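One structure is given here, and the rest of the page talks about it.
The values are calculated or read from the model by the stated rules, or taken from the named source; none is laboratory data. None of these values were measured; they are calculated from a predicted model. For neighbour counting, all protein chains shown are included, and Cβ atoms are generated from backbone atoms with ideal geometry for every residue, glycine included.
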Amino acid sequence: MATKKTAKKAVKKTAKKAPKKTAKKINPNKRSALPGEIPAKLIDARIKELGGWRGATLAKARAIITTADPRITEDWKWSVPVWSAGGIICTGETYKAVVKLTFAKGAPLNDPAKLFHSSLEGNTRRAIDVREGEKINEKALTALVKEAVKAL
């Protein structure tokens, strides 16, 4: 026969604790935004997580891209910000030494300011690498984004 002491232990072991309610943290490193998640908040979290020149550069690029055309939307795919307008315009990747803006269909775009200087060997995409201390040419990037939207 079980004693009161062992019976209490058995009840303690089987009793389920109610889960603690905690504020939901945004993980900017997840691969894609889940249903109900707001991509803009994931991008905000990434910018905050990066801080420094990379965060500032990504924030500046985001501002230029999103104001270039009212049809542009933000998404979160492949653990990076993605800007689209009926198709992917570009992604904003961050590395230790560069913030890279990769234009999915950048090869046929006219680039008179010579912003593209990365991924030049392919037939489809082109990229802009922004290093610490470099400034983004706002006028030229805006023109590229507008042309990319037209090309979609």
### Summary
In segment 29-46, anything of a type in the set (A, V, I, L, M) and surrounded by 14 or more Cβ atoms within 10 Å (Cβ to Cβ) is listed as 33, 40, 42, 43, 45
### Message
Need the failing condition index for residue 121 against (1) assigned to a loop (DSSP other than H, G, I, E, B); (2) at pLDDT 95 or above; (3) of a type in the set (D, E, K, R), just the number.
### Response
(2)
### Summary
Per the filter on segment 50-64, residues under 14 Å from residue 99 (Cα atoms) and either among the hydrophobic types (A, V, I, L, M, F, W, C) or in contact (Cβ under 8 Å) with a residue 12 or more places away in the chain (or both) are 50, 53, 54, 56, 57, 58, 59, 60, 61, 62
### Task
Of all residues in segment 98-142, count the ones that are under 17 Å from residue 54 (Cα atoms), surrounded by 14 or more Cβ atoms within 10 Å (Cβ to Cβ) and in contact with a strand residue (DSSP E or B) (Cβ under 7 Å, 6 or more places away or on another chain).
10
### Query
In segment 47-83, how many residues are buried (at least 19 other Cβ atoms within 10 Å of the Cβ), farther than 20 Å from residue 138 by Cβ and not aromatic (Phe, Trp, Tyr)?
2
### Message
I'm trying to understand the selection: among the residues of segment 71-89, which are of a type in the set (Asp, Glu) and closer than 16 Å to residue 60 by Cα?
### Response
74
### Task
Looking only at segment 125-136, decide whether some residue is at pLDDT below 95 and either part of a strand (DSSP E or B) or of a type in the set (A, V, I, L, M) (or both).
no
### Query
Do any residues in segment 94-108 that are in a loop (DSSP other than H, G, I, E, B) have Cβ atoms under 8 Å from those of residues that are surrounded by fewer than 18 Cβ atoms within 10 Å (Cβ to Cβ) and hydrophobic (A, V, I, L, M, F, W, C), where the two are at least six apart or on different chains, and which pairs are they?
105/151; 105/152; 108/151
### Message
Return the pair list, or none, for Cβ contacts closer than 7 Å from residues in segment 21-43 that are modelled with pLDDT of 75 or more to residues that are in a helix (DSSP H, G or I), at least 6 apart or on different chains.
### Response
33/39; 33/42; 43/62
